Amino acid sequence: MAQIIDGKLISAQIKDELKEEVKKISENGGHICLAVVQVGDDPASSVYVNNKKKACAYIGIESRAYELPETTTEAELVSLVEELNADSEVNGILVQLPLPPHINEDLVIRTISPDKDVDGFHPGSVGRLWIGEKGFLSCTPAGIIQLLKRSGIEIEGKECVVIGRSNIVGKPMAALLLRENGTVTVAHSRTKNLKEVARRADILIVAIGKRQFINAEYVKDGAVVIDVGMHRDENNKLCGDVDFTDVADKVSAITPVPGGVGPMTIAMLMNNCVETARR
């Protein structure tokens, strides 16, 4: 029977550790503040923002919410980010994505100071990651590393295959696995013989964005499978990029959807906020 990697449990452990750390920081006169900016009222974004506020409250971090109308201009948003960059009371800045179509996301991300970029999306943060310097790590990939480590899964020397090459998951995931001394292959929609490539993996990380795309034919016996996907199936139940039922009996460990990777993203965002005070 495969080990089910419990992201809810591990994220709760991390948040409890951070809560203790923030308590000590506060006792020594320190203070941590996260500014969360949301433009428009996209329902999924609102859920994420509320979850981030709850996590801040639990850990003891101040959160400031800037809820802007859909009609906010790019110039107005950039101006707000620049104000938050200059505000010494604000440790971290998070602009909730996606933004409305009339706003250039890349411009806004580049406006956030790399020293307050707790999402780890700024090119400066990405560059630090790839050359091994200290900086904010992209939250979902950093959470996956914690899932593996805290589940007793060795990365060093393992054949790791990442399916997906997005700037948010695939590329930073590859960099973090390399940092842990994994041997890394990045596969994607144009990869030839994807099944053969995936079957090489001791650790298979799937962020392909296609519902239940990966079945048992893509997975080596005894592999570890991490599912980053989030979809609804024909019964409107949450599911991932991996066909969990088909794969579960073949692998040594697997993340469920929901309750696997998802909870770790906010836990690592909180870790990045606390990192601002550690510095």
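Between S113 and K149, 0.36 nm times their residue separation minus their Cα-Cα distance comes to what?
Working: separation 36, 0.36 × 36 = 12.96 nm, distance 3.01 nm.
Extra length from S113 to K149 when fully extended: 9.9 nm.
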Rounded to 10°, Cα long-axis angle of helix 43-59 versus longest principal axis of the chain: 80 degrees
Amide hydrogen neighbours beyond the local backbone of A248, cut-off 5 Å, H modeled: none
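Give me the Kirkwood hydrodynamic radius of the range 57-161 in Å, from all C-alpha pairs, to one decimal place? Walk me through the intermediate numbers first.
Values: mean 1/r = 0.0629 Å⁻¹.
Roughly 15.9 Å, rounded to one decimal.
Any of K52/K210; K195/K237; K15/K210; K52/K171; K171/K250; K23/K52 with alpha carbons more than 22 Å apart? Name them for me.
Details: K52/K210 26 Å; K195/K237 26 Å; K15/K210 30 Å; K52/K171 24 Å; K171/K250 27 Å; K23/K52 19 Å.
Long pairs (Cα-Cα over 22 Å): K52/K210; K195/K237; K15/K210; K52/K171; K171/K250.
With N set to the number of residues, divide the alpha-carbon radius of gyration of the range 138-279 by 2.2 N^0.38 Å and report two decimals.
On the way: Rg = 14.5 Å, N = 142, 2.2 N^0.38 = 14.5 Å.
With N residues counted in the range 138-279, Rg over 2.2 N^0.38 Å equals 1.00.
Please compute the contact order of the chain in relative form: average sequence separation of alpha-carbon pairs under 8 Å and at least six residues apart, divided by the residue count, as a percent.
Values: 544 pairs, mean separation 61.7, N = 279.
For the chain, the relative contact order is 22 percent.
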Stretch gain in nm, segment N28-K195, where the contour uses 0.36 nm per residue and the Cα spacing is subtracted: 54.7 nm
Crossing angle, helix 139-150 versus the chain [Cα axis fit, 0-90 degrees, rounded to tens]: 50 degrees
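Taking Cα pairs under 8 Å and at least six residues apart, what relative contact order does the range 158-279 come out at, in percent? Could you put the intermediate results ahead of the total?
Details: 234 pairs, mean separation 24.9, N = 122.
Taking the mean separation of contacting Cα pairs over the length of the range 158-279, I get 20 percent.
R0 = 45 Å: FRET efficiency of E159 with T71, Cβ-based, nearest 0.05?
0.35
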Sorted by Cβ neighbour density within 10 Å, fewest at the top, the residues F121, F136, F213, F244: F213, F244, F121, F136
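Coordinate-derived values only; no laboratory data. Quick caveat: nothing in here was measured; it's all calculated off a predicted structure. All Cβ positions, even for glycine, are placed from backbone atoms using ideal geometry, and neighbour counts span all protein chains on display.
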